[in-house]
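K.L.:
The structure under discussion is supplied below as structure tokens; questions concerning it will follow.
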Amino acid sequence: MSLQAPEFFAELCLPFTDHAVVGNTYYATPAPGAPLRLRIGFTGTIHADTYGGLRLAIIHADRGEIDAVALSFVDHGTFHRRDEAQRTMVRTKQYGTFDTYHRPGQPPWEGAVTTGLRDAIEQYSAVWFPGAWPASASGRSAGRAARTVPSPPATLSGGRAR
């Protein structure tokens, strides 16, 4: 059965206007005219046709892949509601994942909440493509900005503590 990747990426509502889904992979040019591209693909698991997250990669037009990060569905709460609802049932290989086998008329990722994934993609992309995200998205992530950590107090003697 089909993974329905175009529909999955459409559900993520990524703001890149210059993008395409080829097979099961999403490609975008977040900064027009720049040599960097964003590639997002599904990460497999040890089970056939089962996916546990997304892999984001920054591709340079001349140098190839220069950075990558894996985002697991478990870490980003993508299937938390679905898995909690099924908690009383027998635990299956589907915990925190989805596979290509699904109910007719439903997407394979039925029950997914993609907000956490989208926020993580936004944060990662903002590092490589500053200003590529619309104001509404950057305002949403402002509460998750890095915080300044105070430096440790200086010692009076200026030397190392014993």
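K.L.:
Can you find, within the range 38-59, the residue that is surrounded by the most Cβ atoms within 10 Å (Cβ to Cβ) among those that are aliphatic (A, V, I, L, M) and more than 11 Å from the chain's Cα centre (by Cα)? Let's see the steps before the verdict.
P.N.:
Our first condition is that a residue be aliphatic (A, V, I, L, M); within the range 38-59, this holds for 38, 40, 46, 48, 54, 56-59.
Subsequent filtering for residues that are more than 11 Å from the chain's Cα centre (by Cα) retains 38, 46, 48, 58-59.
Numbers: Leu38: 23, Ile46: 7, Ala48: 8, Ile58: 19, Ile59: 16.
Checked the range 38-59; the qualifying residue surrounded by the most Cβ atoms within 10 Å (Cβ to Cβ) is Leu38.
K.L.:
Which ones in the range 23-50 are closer than 17 Å to Leu71 by Cβ and of a type in the set (D, E, K, R)?
P.N.:
Answer for the range 23-50, where residues must be closer than 17 Å to Leu71 by Cβ and of a type in the set (D, E, K, R): just Arg39.
K.L.:
Let me ask you something else. Restrict the check to the range 5-13 and report whether at least one residue is more than 15 Å from the chain's Cα centre (by Cα), in a loop (DSSP other than H, G, I, E, B) and without any contact (Cβ under 8 Å) to a residue 40 or more places away in the chain.
P.N.:
no
K.L.:
A further question on this structure: Within the range 28-54, how many residues turn out to be under 14 Å from Phe129 (Cα atoms), in contact (Cβ under 8 Å) with a residue 12 or more places away in the chain and either not aliphatic (A, V, I, L, M) or not in a strand (DSSP E or B) (or both)?
P.N.:
Of the residues in that region, 8 qualify.
K.L.:
Tell me, which residue of the range 17-35 that is hydrophobic (A, V, I, L, M, F, W, C) and crowded, with 18+ Cβ neighbours inside 10 Å is modelled with the highest pLDDT?
P.N.:
Ala28
The values are calculated or read from the model by the stated rules, or taken from the named source; none is laboratory data. Bear in mind that the values here come from a model prediction, so they are computed numbers and not experimental data. Here Cβ is always computed from backbone atoms with ideal geometry, including for glycine, and neighbour counts include all displayed protein chains.
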